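Novice: Take a look at this one; I'll ask things after.
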Amino acid sequence: MSATTVQTRTEPATATLKLHSSAEGKEETEYRYSHLLPFFSQDHYPPLTPFEHIDPGHRALNHSNPRSFLDSATQITELTPNLGTEVFGVDLRALDSDGRDQLALEVARRGLLVFRDQQEFIDAGPDFYREWGSHFGRLHIHPTSGHPQNYPEIHLVYKDANSSFNFEIDDSITSTVWHSDVSYELQPPGLTTFFLLSQPSTGGDTLFTSQVSTLKKLSPQFVAFLKTLKAVHSGVEQANFSRSGKRGGIVRREPVENVHPLIRKHPVTGEEALYVNRQFTRRILGLKREESETLLKFLYDHIDKGGDVQARVHWTPNTVVLWDNRVTAHSAIVDYGDSKQRRHGARITPQAERPVPALEDLDLSF
Ligand SMILES: [Fe+2]
């Protein structure tokens, strides 16, 4: 295990107790995935340490047929020309090491893969989830979110009639907040796996966008300027959200801020992608405040409005979705609150390399 390995205490935290003592208590004990409900330990984690990331997609680059992991597919549909592929008939749980390498390359190329009929994968349980994710990189342990008890590497999103443990700002006119997961880390995630254990009958879809495609929309002159820039990504607001008592009210690792290039290069495909997001990017270094605010607002608006490079995933039961956080952004859609139905999701989040600037030799110091 990594230096971030933690000992998780066994006593349930307040937030979990609330779940079980709610009016829905009887139902909770009968919930099929009650062992995977959010648990908020009181542990304190040390800072993350740097590590060398070897991307599994590299190993598939020289493969004679790097899409042979899809040979058993009964249906493959490109969700949009630029982003996303939906696959039926491939049992993810059965993929061997070579198949997983190919999967990593395919997700890097398509940004987003949606696998249907994955009950075996979902029911394989948290030890399998950890083993699965570890193939793709060191597993990130989230500083504030709930996780299944004793499995801090599994990040949970959760909302039901009585509780919400999501990072949602409730005084906004929209729940749409484009982001790349935990981009404030020095080595943010690459290939990321997410699935729902329970979903509302309608609503709770997820939006995705290709940051390769949003970049390609911009003029070469403008892109050349963006390549010279770097920005601060911050975990402070997310930590303060928890410190205010929401989402379990726990901050287990002190928030960090890190500097990343505005345009990063994927280490396997070499593709360049826009790497700013409204949720975690705070300011562009080297520009005056007004310049930074104006430029970031322009880029966020550009991402918001890019319906022609976006895909929307509907979570039919037993769907497992993988995306490459280096070349995509996504947003939750919280439109199901009135239904009082449960939405319970789990994310496996391997960290990848420190973002590689598209402009070689860009100084990434503060
Ligand atoms: Fe996310």
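Novice: Please determine whether any residue of segment 282-295 is crowded, with 17+ Cβ neighbours inside 10 Å and touching a Phe, Trp or Tyr at 6+ places or on another chain (Cβ under 6 Å).
Specialist: no
Novice: Checking PHE121 against (1) more than 30 Å from HIS260 (Cα to Cα); (2) among the hydrophobic types (A, V, I, L, M, F, W, C); (3) at pLDDT below 95, only one condition comes out false. Which one?
Specialist: Result: PHE121 passes all but (3).
Novice: While we're on this one: For segment 297-348, please list each of the strands (runs of 3 or more DSSP E) lying entirely inside it that holds at least 2 residues being touching a helix residue (DSSP H, G or I) at 6+ places or on another chain (Cβ under 9 Å).
Specialist: Working: elements: 310-313, 320-324, 328-332, 343-348.
Fully inside segment 297-348 and qualifying: 320-324, 328-332, 343-348.
Novice: Name the single residue that is nearest to LEU103 (Cα to Cα) among those in segment 59-77 being out of contact with any Asp or Glu (no Cβ under 8 Å at 6 or more places or on another chain), surrounded by 12 or more Cβ atoms within 10 Å (Cβ to Cβ) and not hydroxyl-bearing (Ser, Thr, Tyr). I'd like the intermediate steps shown before the answer.
Specialist: In the first step, residues of segment 59-77 are kept if they are out of contact with any Asp or Glu (no Cβ under 8 Å at 6 or more places or on another chain); the result is 61-62, 64-65, 68, 71, 73-74.
Now narrow it down to the ones that are surrounded by 12 or more Cβ atoms within 10 Å (Cβ to Cβ): 61, 68, 73.
From the residues that got through so far, the ones that are not hydroxyl-bearing (Ser, Thr, Tyr) too are 61, 73.
On the way: LEU61: 11, ALA73: 13 Å.
Step by step, filter segment 59-77, then rank; the result is LEU61.
Novice: Restricting to segment 236-263, name every residue that is in contact with an Asp or Glu (Cβ under 7 Å, 6 or more places away or on another chain) and among the basic types (Lys, Arg).
Specialist: ARG252
Novice: Considering every residue within segment 202-216, establish whether at least one is surrounded by fewer than 22 Cβ atoms within 10 Å (Cβ to Cβ), more than 24 Å from THR80 (Cβ to Cβ), modelled with pLDDT of 95 or more and more than 10 Å from the ligand (Cβ to nearest atom).
Specialist: No: zero hits.
Novice: For segment 85-100, which residues satisfy the criterion of being touching an Asp or Glu at 6+ places or on another chain (Cβ under 7 Å) and surrounded by 19 or more Cβ atoms within 10 Å (Cβ to Cβ)?
Specialist: Initially, segment 85-100 is screened for residues touching an Asp or Glu at 6+ places or on another chain (Cβ under 7 Å), giving 85, 88, 91, 93.
Passing the criteria: only THR85.
Novice: Next up: Sort out which residues of segment 313-344 are within 15 Å of the ligand (Cβ to nearest atom), under 30 Å from GLU131 (Cα atoms) and out of contact with any Phe, Trp or Tyr (no Cβ under 6 Å at 6 or more places or on another chain), and write them in order of number.
Specialist: Result: VAL313, TRP315, LEU322, TRP323, ASP324, ASN325, ARG326, VAL327, ALA332, ILE333, ARG343.
Novice: Just checking, how many residues over segment 168-179 are within 18 Å of the chain's Cα centre (by Cα) and among the small types (Gly, Ala, Ser)?
Specialist: Number of matching residues: 1.
Novice: Which of the following residues is more than 12 Å from the ligand (Cβ to nearest atom) and either more than 22 Å from PHE121 (Cβ to Cβ) or out of contact with any Gly (no Cβ under 6 Å at 6 or more places or on another chain) (or both): PRO152, PRO188? Working first, answer last.
Specialist: On the way: PRO188 fails: more than 12 Å from the ligand (Cβ to nearest atom).
Going through PRO152, PRO188 in turn, just one is more than 12 Å from the ligand (Cβ to nearest atom) and either more than 22 Å from PHE121 (Cβ to Cβ) or out of contact with any Gly (no Cβ under 6 Å at 6 or more places or on another chain) (or both): PRO152.
Novice: Can you tell me which of (1) closer than 30 Å to ILE250 by Cβ; (2) touching a helix residue (DSSP H, G or I) at 6+ places or on another chain (Cβ under 8 Å) is the one THR49 doesn't meet?
Specialist: (2)
The values are calculated or read from the model by the stated rules, or taken from the named source; none is laboratory data. Everything numeric here is computed off the predicted structure, so don't read it as measured data. Methodologically, a virtual Cβ is constructed for each residue, glycine included, from the backbone with ideal geometry; neighbour enumeration extends over all protein chains shown.
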